[in-house]
Structure formats: structure tokens, C-alpha cells
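Engineer: Handing you this structure, nothing more for now.
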Ligand SMILES: Cc1cc2nc3c(=O)[nH]c(=O)nc-3n(C[C@H](O)[C@H](O)[C@H](O)COP(=O)(O)OP(=O)(O)OC[C@H]3O[C@@H](n4cnc5c(N)ncnc54)[C@H](O)[C@@H]3O)c2cc1C
């Protein structure tokens, strides 16, 4: 230890120690590398794609079909990312073939109105408009690849666990959304039972990729972008079990590395509300590497604080007749809202705390142990005391709710009449829905700024030549509150396709 005569660390050593700490906490290997420091390309293709989830796979597929030579690199040993783990729901509408076959009326305008008006004010209007206009065509493309959908519609709330392929996957029927746009079921799920839609979707896309002559190269992590002196991205430094390699990309690099829910440092910096959520909802590759590489190459990032945070209070639908309260003992949202809208309200607006209050009429039993039982009592006052709520608040909330629910009304949040009934009697139970106590999944939505072709944009609003980003590496259509299942995969597949065509020069 380098100490002065007084036993203190010398100023120089202190500074060095500070510097070392800073270096140790920085994400290693993300600074862009000047081309002049590349000894030679180990391999050169037209297009490099980093990440084999839905976004990267669609980009690689379309780039290859446009005639480009393509390398698809995947850091993990298995391809598919979060996309393969997912429910496989794609939010599509405006009159898709499946909607038409099932006699569902929908228009691109209704879909646009829902997404724009019922969502956050920060949304990318141009991306949403294009997505809605081309949604029927995009769905037809998925079908043409071989994704199999059944002509079955379910009106039950929640991801279908049977083989139904169309359902209301979002907040369309809850107030105020239902007054802002004509509701329509737009959650399109591959016709497989259980939570296997994502696997089915990705198997089809990877099969198509193989037929086009591209196989994901697994165990290859893209670590740094290579920059020409004029700012163009011309390749990347990758790490493999055999060591470091320099890969050239004549036309460009597509970053499709997912989000950053597993990078605790980035979460703490950008999205502390998501850091507190109990269940990081994403594949192990969600480390933010794509976003950091883009930023190191000069990219702007957008909406990095935003995320998908979900409180799965249903199924069973029966629990929607219960009430949700905050730490003031008051309702704060309609219980028939899409559960990511509820999750957002808890995580971002209620300091992460909430309880579901059920009564004898509820069959809710903490399905799948989603929520711990916080208190049981024979009267509302006893429940309030257990939860240490402000005196009288919960009693007032329940009395007010019951008074109107008995008439089929909810003046506060306009819960749909089918879910309205007064709380009927003991035992009353409080289920803890705190973000850090309950089964409370979350993933990130913020990412690199991109244009309609996935081209990455810098802080001055200019595109960075040779650099593209898609899926959760980009700030796309999904924003917070996340108002419908399927927006993330819809965005990743649609803008993935566009980026692949653009980088290959077809646009
Ligand atoms: C259980 C679950 C269910 C979900 N259900 C749905 C749903 O039904 N509908 C929906 O829209 N969304 C759903 N989501 C969210 C959705 O799956 C993701 O947001 C979406 O898959 C992101 O796609 P992506 O292509 O951006 O990333 P991913 O599919 O995660 O792919 C990114 C890939 O990049 C790899 N990678 C990371 N860093 C590097 C690197 N440096 N070099 C090379 N490769 C790298 C990763 O390992 C990963 O394979 C769900 C998520 C989960 C976890």
C-alpha cells in the first residue's frame, strides 16, 4: 500500500484508485474502434447482424433475400433470445386475413387511434402510422413464412393457453381506451397451446433463414463497432471461444441485441423503477451491449427509463371483480385494465406498492403463487389495520365502490359492468402486489434512436452511415405504459424486415 508518512493514501494513489474503480465499473469493450486500429479483417461480408432474436432474424432474412451476404452472430450458445421464450403474440390489425376470416371489423385508423391516443404522449407517431398501415401485409408475410395460425378467436382475458390465435391482447376494452378508438382483438398468436408461441414463431423464422443460406453463428459476441474516419460503421470486433476477430461489413451492421433488463448498472442509471421489479423478463443476452455499442458510435438513445412492467392479476377473470388499492388505501386504476397498464401504474406511479383486495365471492387463490397473501380479516377495518393504511381510508374506498358497484357503475374508473359487483363479505384478503414482493416481470423498452428503416440516428438528428438497430436495442413502437401484448414482437419483426432491406440497399 502506497502511504504517506501520515499514514494516509497519497493523493496520486487516491486518484489512481478512483480511476481504477471507474474503469472496473465501466462496461468493458464497448468503445468504438477506429478502423486504423484494425490489423486486417478476418472475414468480410455485406451485412453483419448482432443478435438472433426476432429483430435480428428478420433483418438477416430480408438482407439475404435482397442479395447481400450476411453473417448472423449470437453471443449465447442457443439462438432465439427473448423472442423464443415469449408468448409469440404479434400485435397486428387493420383488417388482417385472420381478423377477416373471423369476421372481426378493424381498420388501420382504429388501430392507430388506439395506439396513439391510449398510449403515452412520447410515442413515435411516424413509426406507429406506418406500422398500422402495413399491418395486414406484415401479418400476411408472417403467414407466408409458415407461421401457423388457427381461425379461432377467444374473448377470455389473458394469453390463450389453448390453440386460439386471436384475442384482445391489450387495453382496448378498458376505459378510457374504449372511448378513444373502436376496440378490436389484435393479439395474433401462433396456434400452439401453452406458452409456446415464441418458440413456434422463431422456429419458422430460423427455418426460413436456413433455407436462405444463413445459419446463426452462436457463441460469438459482438463487442465493438469499427468506425471509418468519416464516421461510417464498417465492421465489428467479436469475441469467440477461439479469441478476438475483426469482421468487416461492407454495407453495414444491424444491432439486434435485445434490451438491458439483466444489466443492473444500466437499470440503476436509466430505469430504477424496473430495477426494483422482482422478475427480469428476458433472455440472458439482455445486457444492453447493442445499446452501448451504438452510443459509443455516436447514437442518441431515447426513452431509456421506459419499460414493460406487469402485474398479472388475472387470470382468473374473477379477480377483476376485486379491487386494487395503493398505499393510501385508494383505488388508482380500473381492475379490468391490461395487466401491463396496471403494472406500469404500480411501478411508476404508486412507488411500487399495491394490494389486491378479494372477498368471499372471489376465487382468487394467488394463482401460481403470483402474489403473497399479506393479510386476512373478517372486516375491512381489520384488513386496513394489518396493512397499516391511513385510518378510515380503505373503509371509505370500499363503501364508495360498493355503493356504485351495486348499481353496475364505477364513476371513478368506469370498470366494465361485467366485472362490477360489491365486495360481499368475509373473509377479506389482501394480496401483496408490490413490485419487489410479487411475481412482477419487467423488461426495458428504451434504446437507440432510429428512423423508419432502422437507421441509427445521432444526437444531431443525422443517421450514422452503416449502422442499424432493431427490436429492443432500438426505441421503437413499444413505449410506457405498454398497452398491448404483441407490440414488441410486432415492432421487432416489422422494423427488422425494413432494416434488413435497407442495409442491403433495397430501399
Ligand atoms: C416470457 C416472455 C414472454 C413474452 N411474450 C411476448 C409476446 O407474446 N409478445 C411480445 O410482443 N413480446 C413478448 N415478450 C417480449 C419480447 O419477447 C421481447 O421484447 C422481444 O423478443 C425482443 O426481441 P429482440 O429481437 O429485440 O431481442 P431478443 O429476442 O432478446 O434477441 C436478442 C439476441 O441478441 C443476443 N445478443 C445480445 N448481445 C449480443 C452481442 N453483443 N452479440 C451477439 N448477440 C447478442 C441475445 O443473446 C439474444 O439472443 C416476452 C418476453 C418474455 C421474456
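Engineer: I'm trying to understand the selection: among the residues of the stretch 381-391, which are without any contact (Cβ under 8 Å) to a residue 60 or more places away in the chain and farther than 12 Å from residue 357 by Cα?
Structural biologist: Those that are without any contact (Cβ under 8 Å) to a residue 60 or more places away in the chain and farther than 12 Å from residue 357 by Cα: 381, 382, 385, 386, 388, 391.
Engineer: Please determine, by comparing only the residues of the stretch 256-266 that are at negative phi and crowded, with 24+ Cβ neighbours inside 10 Å, which one is nearest to the ligand (Cβ to nearest atom).
Structural biologist: Top of the filtered list is 257.
Here is a yes/no grid of residues against (1) touching a helix residue (DSSP H, G or I) at 6+ places or on another chain (Cβ under 6 Å); (2) closer than 30 Å to residue 487 by Cβ; (3) modelled with pLDDT of 95 or more:
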site	(1), (2), (3)
312	yes, yes, no
320	yes, yes, no
333	yes, yes, yes
351	no, yes, yes
370	no, yes, no
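Engineer: Here's another thing I want to ask about it. Being within 21 Å of residue 62 (Cβ to Cβ) and more than 13 Å from the ligand (Cβ to nearest atom) is the filter here; which residues of the stretch 210-233 pass it?
Structural biologist: Once the filter is applied, which keeps residues that are within 21 Å of residue 62 (Cβ to Cβ) and more than 13 Å from the ligand (Cβ to nearest atom), the stretch 210-233 yields 210, 211, 212, 213, 214, 215, 233.
Engineer: Return a yes/no flag: does the stretch 72-95 have any residue that is within 26 Å of residue 445 (Cα to Cα), over 20 Å from the mean Cα position of the chain (by Cα), at pLDDT 95 or above and not assigned by TED's automatic domain parsing to the domain that holds residue 486.
Structural biologist: yes
Engineer: Would you point out which residue out of 490, 486, 447, 505 is within 29 Å of residue 134 (Cα to Cα) and surrounded by fewer than 24 Cβ atoms within 10 Å (Cβ to Cβ)?
Structural biologist: On inspection, the qualifying residue turns out to be 505.
Engineer: State whether the residues of the stretch 243-255 include one that is within 14 Å of the ligand (Cβ to nearest atom), under 19 Å from residue 85 (Cβ atoms) and in contact (Cβ under 8 Å) with a residue 60 or more places away in the chain.
Structural biologist: No, that holds for no residue.
Engineer: Which is over 30 Å from residue 112 (Cα atoms) and in contact (Cβ under 8 Å) with a residue 24 or more places away in the chain, of 221, 275?
Structural biologist: 221
The values are calculated or read from the model by the stated rules, or taken from the named source; none is laboratory data. Computed from a predicted structure; not experimentally measured. Every residue, glycine among them, receives a Cβ derived from its backbone with ideal geometry; neighbour counts consider all protein chains shown.
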